[in-house]
Amino acid sequence: MKELIEKYDPITTYFPPLKAQQWHYKVHPYFTKQPGNVVAKYIEHYTRKGDIVLDPFCGSGVTAIEALRLGRKAIAVDLSPLATYITEQTCIGPIDVDEFQEAFNRLEKRVLPFIEKIRKASKEYIKEYKIKDWYPQGVSLPKNADCELVEDLFYRPQLIILAHILANIEKEEHKRYRELLKFAFSGILHRASKTYFKDSKDAGGGNSGIFTKFRYWVPKRPDKRDPWELFKIRFRIIRSAKNKWNDILGDRCIGKDLVVKTKSATQLSNYIEENSVDYIFTDPPYGAHIAYLDLSIMWHAWLKMRVTKKTFEDEIIEGGDYEHTIDHYKDLLTVSFLEMYKVLKLDKWLSLVYFHKDHKLWFTIIDAAKAAGFEYVNTVAQPLSKQTFHKIKNPLKVLGESLIVNFRKSRRVFPAIEREAVPAIKIIYNVAEREIYSKGGATSEDIMRAIVPELFEANLIDKVALTNMNDIFDLLVTEFDHGIDDRWHIKPEKMDKLGNYIPVKDRIKYYLISILRREKQLDLDKIVTIILPLLINGHEPTQKEILEILNEVAFSKDGSKWELKPGKPVVFQQELGFNNEVDYNVIPDLSAHNRTIYKLVMLGRRLRFYPYVGKMEYPEISEKLPKEVAILQGLPINNIDEVQRSRIEQIDCIWFFEGRIPEFAFEVEETTNFLTALERFYSLLERFPSIGTQRRLVIITPRSRKRKLTQELLKSSYAGHPMYMERKISYLYVEDLEAEYPKLVSDSEFSSNSIDRLLSPPETLEIR
Ligand SMILES: C[S@@+](CC[C@H](N)C(=O)[O-])C[C@H]1O[C@@H](n2cnc3c(N)ncnc32)[C@H](O)[C@@H]1O
């Protein structure tokens, strides 16, 4: 039962990626590394200390590293031995760095005389020299490589030195340091090969064709690097990484907290217990452009790692030397979803990185995950690297970044929701306005990243891609202004049409910030003459009220010209509209039902939620509320069908966080039929499942009716499979609300938890 009450909302915003700053980023190269700080945010959000985090396509192990850093346990799976090797060697710790240094010194002593000799040797000597140390011979590279064999990738002096370093690493007696030295060796192979070239764009001054062209590409002028110099640099990088890792770990030891498996994700349940994993964060292989196993041949050969025909057959890619078809790719990915579903615990989350140019694959992924039983929750546009995208005009280019798709293993299969057909243009304008409003002016990046997931969800991404709508900025220009601050703003003439759920004080504040951002300095009279006409349709503020709000956001040096206060941009909805004092204890004359709703509105407001009041009650309650208390004038939920909308609209009171996300919903049972209340809650749950797992669907009832209601609930089809409403609703007794209301509104510690404490679950066992 405890698990059912666990409360998490999906992450809905992106995080600025900080790739190169991570201590583990440079230890060993791998394909499409994820930014660790972003992965960490997801792990922190969806798990607790001690939880098990799985990545079934772990690559270089970023998920495992971040999970371990955050005190979680990690299971890292990858088909590629190179990937699991990098993961293991990066995660291992703590390491005695002095001992590691000693092992390096021993190696240097052994190899340096020979290396010096080779460095000075004549061309003829090198040509004739018979290599005594082992190196991979006769290992074929993929068909699309510029060389035939692994050994051909190296200039002869490089090959001689590499073979000698490896042979001497093998002589190190201490296994842990031998492996770490080998890890350093592995980390230089691409640089010590003919695929390496000078690249001014790269911070390290060079790059390899393996990671830029994703094939064994030999440039016209390779940068011929000395393997021992490269090795020394790599050793220092690993030593300093291990120092940092030691600091992070403190007195912890990575032992059983990490399990690494070199196996296929299509068989997870063969080696991971079913229903045992708390969270999955993964970046699966995408489509055709990276054939991981083909590209790892050089490493597998040098490190003597065994890769069988079966391994290649199991690889989830399109193309490669095995010429896998797109159907092979989709089928195996689908199987891996089924397996992830099996090993994940109920009600837990799966976050999946989507990184593919072909947006159609997004639908394939969603369908495959749904077919496995997952509930699709949301998609976030998440950049992989820090780049501005001034020039990106087409929303599909956002896919040049990545999306993170969140799913949940729910206890029932969610039926496909018939969506209201909202035209793409409307979505674009709505989302843009929401972003502009909530951020006090939004950048193109903000808007684009918010639009893309919504277009996906409305199944309109294709349409937008194919029509002339693909230049979204051209559309924005007609409705919004692009200011000198490089942000979009609401056009002054359109301001009075700003979204209907924005409270008037917030609108004034928004207008003030927006105007001052644009004009830099303005005098009060001018400000008032601009603002007043914008508010014609609503409450007309006095000059004094405007001045009050102006004082919050701006300052004046000379008493006449005003400019914005310096500092962080204002976050609107969390901060604004709640500052003015209201007398919470004056309850107007209303029916008992509406008095309860009135109190709920006031409590919601006190908690800085945006209260919504049921359609029936709205006229009477909005009339009696003090004018400082803003309530939503419409349901701020998009993309729901009419039936659902009309049900949700009748819920007596809903508290929306940021005016968008329902946190609590209340039905006052005195007049409503109980089953109708459940039906309304159910519609809300379809769109916002977390409100149920938090048990914040609240029936307000006299204590005396509790038993009867629970009996009614248990007899209904809402109880048990598939809806389990008995696990999602709570009771709040009218008597408690009456008694607690005056205390709550005057309690300086009042929080959502104070409300949670008043709620009690239906005691179904007692009744059954
Ligand atoms: C996009 S990469 C993951 C990169 C990783 N996120 C990182 O930060 O390094 C996808 C991985 O899936 C692996 N892979 C492909 N087919 C697989 C399968 N059937 N089972 C497990 N892993 C597989 C590839 O070897 C590759 O390492």
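The values are calculated or read from the model by the stated rules, or taken from the named source; none is laboratory data. Keep in mind it's a predicted model, so treat the numbers as computed, not measured. Quick reminder, even Gly has a Cβ in these numbers, built from the backbone with ideal geometry, and neighbours come from all protein chains shown.
Values as computed for the structure displayed
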quantity: Test result for Leu82, under 22 Å from Thr266 (Cβ atoms) and of a type in the set (A, V, I, L, M); calculated: yes
quantity: Near pairs, Cβ below 6 angstrom, 6+ apart or cross-chain, from the stretch 249-272 (in contact (Cβ under 8 Å) with a residue 60 or more places away in the chain) to any residue that is assigned to a loop (DSSP other than H, G, I, E, B) and among the small types (Gly, Ala, Ser); calculated: Leu249/Gly93; Ile254/Gly93
quantity: Any hit, the stretch 304-314, residues being buried (at least 22 other Cβ atoms within 10 Å of the Cβ) and within 12 Å of the ligand (Cβ to nearest atom); calculated: no
quantity: So Gln89, is it modelled with pLDDT of 95 or more, under 27 Å from Ile297 (Cβ atoms) and either within 16 Å of the ligand (Cβ to nearest atom) or surrounded by fewer than 24 Cβ atoms within 10 Å (Cβ to Cβ) (or both); calculated: yes
quantity: Matching residues in the stretch 249-269 - criterion: being among the charged types (D, E, K, R) and away from the ligand (no atom under 14 Å from the Cβ); calculated: Asp251, Arg252, Lys256, Asp257
quantity: Residues of the stretch 704-741 satisfying the condition of being in a helix (DSSP H, G or I), under 22 Å from Asn753 (Cβ atoms) and not small (Gly, Ala, Ser); calculated: Arg727, Val734, Glu735, Asp736, Leu737, Glu738, Glu740, Tyr741
quantity: Tally, over the stretch 315-353, of residues that are surrounded by fewer than 18 Cβ atoms within 10 Å (Cβ to Cβ), in a strand (DSSP E or B) and either aliphatic (A, V, I, L, M) or not assigned by TED's automatic domain parsing to the domain that holds Ala67 (or both); calculated: 1
quantity: Check on Gly59, in the same structural domain as His24 (by TED's automatic domain parsing) and within 13 Å of the ligand (Cβ to nearest atom); calculated: yes
quantity: Count of the stretch 280-300 residues which are more than 7 Å from the ligand (Cβ to nearest atom) and closer than 14 Å to Cys58 by Cα; calculated: 3
quantity: Residue check, Asp283 within 18 Å of Lys330 (Cα to Cα) and either of a type outside the set (D, E, K, R) or in the same structural domain as Leu361 (by TED's automatic domain parsing) (or both); calculated: yes
quantity: Failed item in (1) of a type in the set (Asp, Glu); (2) near the ligand (Cβ under 10 Å from one of its atoms); (3) touching a His at 6+ places or on another chain (Cβ under 8 Å), with Glu318 passing the rest; calculated: (2)
quantity: Failed condition for Ile272, given (1) among the hydrophobic types (A, V, I, L, M, F, W, C); (2) more than 11 Å from the ligand (Cβ to nearest atom); (3) in contact with a helix residue (DSSP H, G or I) (Cβ under 6 Å, 6 or more places away or on another chain); (4) more than 22 Å from Phe374 (Cβ to Cβ); calculated: (4)
quantity: Close pairs from the stretch 97-123: first in the same structural domain as Asn168 (by TED's automatic domain parsing), partner outside any helix (DSSP H, G or I) and surrounded by 16 or more Cβ atoms within 10 Å (Cβ to Cβ), Cβ under 7 Å, at least 6 apart; calculated: Ala103/Glu172; Arg106/Glu172; Leu107/Glu172
quantity: Boolean, His190 is out of contact with any His (no Cβ under 7 Å at 6 or more places or on another chain) and outside any helix (DSSP H, G or I); calculated: yes
